[in-house]
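The values are calculated or read from the model by the stated rules, or taken from the named source; none is laboratory data. Everything numeric in this text was worked out from a predicted model, so none of it was measured. Cβ atoms come from the backbone with ideal geometry, glycine included; neighbour counts cover every protein chain shown.
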């Protein structure tokens, strides 16, 4: 079974030393969010993750959720319900939600490490409370007063959970094709009819009610995505006054058998004239969908991060333990029958790759979390707008890169174990299977790439990109004389400059041929992730050297940064070459000529 | 469930158009191996793979092997035994084995497509006959006359199967640590005692006997790998005259629960004074081990290739079927509700990556197979030696690259399916799980990399490397005026030249610091694979254009080659940069400073 220890030290380093979180939170008006309080929250949250959730990770995989066809009910694996009750009792569900609706009112950035540790401890379990957040956000920003009144408090307090019902059998990415219909009832509610698939936490035994946020079409709605509306459809009916009624006409039809996250219920949901209420304007459901989706995307990025870290921790422990062969330069532990495999450069390559992607990714993602707070609470409107643009720009990068790196890091971890990594009882293979969903759900990597290049760069004229470039320039200027980061400034500047050039090059090409956007998107996304990480590594070293952290911690940051610049950042070369080759090599082969 | 159709056309193209197999086989004395005969063999083999093995792939995964603790017996999934009987009855087990021992005497190269199709159809099933090949080779080259007499025919005819018993709980890569002992009996046999793990096909219900090739230590053997001997230990005792005795003292203790290849029995084998016979010289067991291992390594490379192809075929079919979004340049199928996703550049990028790695990898690996035949049968000794050096050089590249690409291609296939790729019933996730073992067993990718750089390049002074470089130079010279490959010659030359420079650079560094070998090995291996594939793609296009293949096939080769040079070959840039950065970025961090 794989182990997990919350990396509190690095989480605190990122939050407080790199991001100067305590001062930032005070500046943004989170007066309660002092270092002392946040440390206490993180420590308590870590105890819950390590002691309650992590031990349930393996049983969740082994048992999975079970489905009773006769009743349409889903039962979660042994221990999941008790853990959820503890989670609710501890007030954890509303950590970063508004005090008005029963939350703790802490900054979003403080929720990021909590999310990371839950995902690392037990990704499948974490999916149950996860989706409530998207539902809460949708109702908060688009719901009517009575809907906020009735639904938000139970969601925030965790008495109910939420879902996002978007996908149908014939459409996932292309929601414009969806068929679920909403017919008006006489009382102002709607009768929702249709089948949704891949509904995470669509049914379960953790709470008495489940609040489905459902995309559907009103009668005579325009075709495509401009005819989609958003509805709130509770599992158990809820009237406008909050009174609870009878069971609604929504039922789980089956659950999927999946490669991983067996403990997470992935449901087919059948709506058969279920009573629902319109959320927001008719035909404007995609706005609410994006509100849910953007929150979920950053959260899925953190899933990739958490799984990477757990995999890395186990691979590291194994590599220190497992004795096999001598170092090529001679025995390092002559008193042992062989050297621990961590002496071998190729094992170090895999471990350092994980460490570099994880710690860099942590800084990158927590900063995105902080920018959400800045975008809501900064005193200056210009600053709020810039932060908002940056969050929009970084969301696809955080989602896609941290999940791709999650696949990569879990791969390396299995590889460090050798054949033992393939054996279920050692637990790392589960992490690899669990990680595999993260590049798929809430928009595949390809969709994130199109969001980044097509929407955030080209449609929105790269507002967030400019903010990011400004941050890099500012850092390079501020640290021109800082010997701690002397080796990093030039390559960071050069890669950022190439980033700009590539962006302009694609923009020009896309003006002549829109297929150039799709052709460049994936490589542009990954290129962006690696530049961003170069920035975060340089900044992390600067912060580390200026901090009161112990020398061995500083050495870890310094040497990992060197490794990153020497061995990972050069991946940009291949991505740049692919981008520069344009769309021709992708588009000339006819669809029927792909067969061998 | 995933589908599989044997890519006969491309297999035949590689064997006959690219490698000129028919003329080569005749030159090497395989007079029966005419094109007509080989076509018939491939077609018949394809029918077996498609109709018998492929449909059992899913049930093998779902049921897995079962183990009865009371009897120590392993039962294979439903249908496996019947399929094995058909395989034996068809004479398939001895296709490329010597006629003297009941084989068909066809060239090794003719066995490669057969192996590929079995692996693609049902990797787990294929592991049962697979290991017989290594056992046969070991007995053929190192066994005594009576051992060849008694064991080979039943192995070749498939009435018995073989195993390789190397790994023990505390040692896999580092066999020098192994503890299994062999005590001499009075009759000249040995009593073998110890525990072996990860024994593929260690027990099963397909045959009456199983022939274990076991590494063990004689009394007072020198420590380390120089004190290891090889023994043949049948499950049911076999006397020197071939008479069958009673059950031997070897028993399966349990089978592993694994990420994939559930239908393949991975056994703990307990030897409790089991009767065995020494194979080859005392303390020289590693020689026999490498004979088995090298055969198995190329075979595992083909497993990666087969899984890649099956995954690709399914992703391609899905991408032509699945309607989602419109092409960025406007609807391609305006009469349908959306365009098939194969119109999207990013889906094409994933499909073309698979096609390029699969078809290039097929040419590369079949050529290695042909070189085995050349090394055994060429009339000229110098040619035999060169071919042998080339096989040795290419073995780690074929093993490691085709399996790494197997992980990559199955990844892309799942990604093309989106969320549907994660669902068990669609079958591609099984291919991803199955592929994951191939970079681990028979030596991890890191071990292949050390074999390539440490042994094949540095210890053996790069004899095989020089042959490969010579082939590239020859091809470039011969095709200097060939317009069909005009765009490929310059980049191929440039990459090969850089390959040489990097090799010399590493050699120099390694002379001063042996850790440089381990630090460069992985990136050097992958660099080598990408250069080799560039060569095979250029040569494939030259062969295709000169062939009688239809235009659409030629277009497929041409455009995929363009894609390869534009989009995949640039991966060498990142690998080169990593190599050039040397060992420092890997070696300076202390083992205890890796924690976050």
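Assorted remarks:
- Number of the condition not met by residue A:44 [criteria: (1) more than 30 Å from residue A:413 (Cα to Cα); (2) part of a helix (DSSP H, G or I); (3) touching a residue at least 12 places away in the same chain (Cβ under 8 Å)]: (1)
- Among the residues making up the stretch B:309-334, those that are in contact (Cβ under 8 Å) with a residue 12 or more places away in the chain, more than 8 Å from chain A (Cβ to nearest Cβ) and in contact with a strand residue (DSSP E or B) (Cβ under 9 Å, 6 or more places away or on another chain) are B:319, B:321, B:322.
- Wholly within the stretch A:162-242, strands (runs of 3 or more DSSP E) carrying at least 3 residues that are over 26 Å from the mean Cα position of the chain (by Cα), farther than 18 Å from residue A:442 by Cα and in contact (Cβ under 8 Å) with a residue 12 or more places away in the chain: A:181-184, A:190-200, A:236-238
- Restricting the stretch A:578-596 to residues that are farther than 19 Å from residue A:514 by Cβ and surrounded by fewer than 19 Cβ atoms within 10 Å (Cβ to Cβ), the residue that is nearest to the other protein chains (Cβ to nearest Cβ): A:593
- Matching option when the condition is closer than 26 Å to residue A:436 by Cβ, within 14 Å of another protein chain (Cβ to nearest Cβ) and not in a strand (DSSP E or B), among A:264, A:254: A:264
- Qualifying residue in the stretch A:566-574 (condition: assigned to a helix (DSSP H, G or I), in contact with a helix residue (DSSP H, G or I) (Cβ under 9 Å, 6 or more places away or on another chain), at pLDDT 95 or above and more than 7 Å from chain B (Cβ to nearest Cβ)): yes
- Residue within the stretch B:146-158 that is without any contact (Cβ under 8 Å) to a residue 60 or more places away in the chain, closer than 25 Å to residue B:38 by Cα, touching a strand residue (DSSP E or B) at 6+ places or on another chain (Cβ under 6 Å) and surrounded by fewer than 24 Cβ atoms within 10 Å (Cβ to Cβ) present: yes
- With respect to being within 7 Å of chain A (Cβ to nearest Cβ) and in a helix (DSSP H, G or I), residue B:553 falls outside the description.
- Some residue of the stretch B:64-76 being crowded, with 24+ Cβ neighbours inside 10 Å, at pLDDT 95 or above and touching a strand residue (DSSP E or B) at 6+ places or on another chain (Cβ under 7 Å): yes
- You will find that of A:82, A:114, A:104, the residue that is free of Cβ contacts under 8 Å to residues at least 40 places away in the same chain and in a helix (DSSP H, G or I) is A:82 and no other.
- Residue check: residue A:133 meets all listed conditions (1) more than 28 Å from residue A:217 (Cβ to Cβ); (2) in a helix (DSSP H, G or I); (3) out of contact with any strand residue (DSSP E or B) (no Cβ under 7 Å at 6 or more places or on another chain); (4) in contact (Cβ under 8 Å) with a residue 60 or more places away in the chain but one, namely (1).
- Elements of type helices (runs of 4 or more DSSP H) contained in the stretch B:390-497, each with 3 or more residues being under 25 Å from the mean Cα position of the chain (by Cα), within 11 Å of chain A (Cβ to nearest Cβ) and in contact (Cβ under 8 Å) with a residue 60 or more places away in the chain: B:428-435, B:445-450
- Qualifying positions in the stretch B:5-27 - assigned to a loop (DSSP other than H, G, I, E, B) and surrounded by fewer than 23 Cβ atoms within 10 Å (Cβ to Cβ): B:5, B:19, B:20
- Residue selection: residue A:301 satisfies the criterion of being more than 14 Å from chain B (Cβ to nearest Cβ), touching a residue at least 60 places away in the same chain (Cβ under 8 Å) and within 23 Å of the chain's Cα centre (by Cα).
- Within the stretch A:335-361, the set of residues being in a loop (DSSP other than H, G, I, E, B) and facing chain B (nearest Cβ under 9 Å) comprises A:337, A:338, A:344.
- Flag for residue B:561 being part of a helix (DSSP H, G or I), at the interface with chain A (Cβ under 9 Å from one of its Cβ atoms), within 28 Å of the chain's Cα centre (by Cα) and crowded, with 19+ Cβ neighbours inside 10 Å: no
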